[in-house]
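Below is one structure, written out as structure tokens; comments come after it.
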Amino acid sequence: MINSDSYSDAATLASLQYEMHLSERGQKVESVQRMTATGKEPASPDATRRGVLPGTRDPLGLMQYLRNVDWTKTPEVAAGLRRAQTVRCASQTSRPLPRRSVVPAGDYTASKIGIRVFDDAWR
């Protein structure tokens, strides 16, 4: 079983810390990474401080960020992922899909988004 936690800045959704807890087939891995673009943010004793370029996001933080993009005004978003990868996300529809009930909680507007990941240092 893999459990992941992501901590992001509330205002900008910039990634601050990413945790992965793996327990599978008798193997246990605990990885806590404090992400810092300035090198000034301290890491807790159980975390590794990871220097990243500004705007770099962890996988869970990226998904939360993408949920808040207004795809009618921003047709494409590029971001860095924590391991020298670039992710490019673009709206795949010219307009939002019609409102419909996709969960019992109500009607929501959805957009189809294409996500491509590249193995290189992002620029």
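The values are calculated or read from the model by the stated rules, or taken from the named source; none is laboratory data. Fair warning: this is a prediction, and the values are worked out from it, not measured in the lab. Side chains are part of the model used for accessible areas, which takes the heavy atoms of the whole protein and leaves out ligands, DNA and RNA. Shrake-Rupley method; radii C 1.70, N 1.55, O 1.52, S 1.80 Å.
Filter region 49-66 down to the residues that are modelled with pLDDT under 85 and open to solvent by 80 Å² or more (accessible area, probe 1.4 Å), then identify the one that is nearest to Ala11 (Cα to Cα).
Pro54
Pick from region 76-96 the residues that are assigned to a loop (DSSP other than H, G, I, E, B) and among the small types (Gly, Ala, Ser): which of them is modelled with the lowest pLDDT? Lay out the reasoning, then the answer.
Our first condition is that a residue be assigned to a loop (DSSP other than H, G, I, E, B); within region 76-96, this holds for 82-84, 92-96.
Then keep just the ones that are among the small types (Gly, Ala, Ser); that gives 84, 94.
Numbers: Ala84: 69, Ser94: 66.
Filtering region 76-96 for residues that are assigned to a loop (DSSP other than H, G, I, E, B) and among the small types (Gly, Ala, Ser), the one modelled with the lowest pLDDT comes out as Ser94.
Any idea how many residues of region 5-26 are closer than 20 Å to Thr48 by Cα and either at pLDDT below 85 or assigned to a loop (DSSP other than H, G, I, E, B) (or both)?
Residues of region 5-26 that are closer than 20 Å to Thr48 by Cα, as a first pass: 5-9, 14-23.
Checking which are either at pLDDT below 85 or assigned to a loop (DSSP other than H, G, I, E, B) (or both) leaves us with 9, 14.
Residues flagged as closer than 20 Å to Thr48 by Cα and either at pLDDT below 85 or assigned to a loop (DSSP other than H, G, I, E, B) (or both) within region 5-26 amount to 2.
Of everything in region 5-48, what is open to solvent by 60 Å² or more (accessible area, probe 1.4 Å), of a type outside the set (Val, Ile, Thr) and more than 18 Å from the chain's Cα centre (by Cα)? Give them in sequence order.
Glu24, Arg25, Gly26, Gln27, Lys28, Glu30, Lys40, Pro42, Pro45, Asp46
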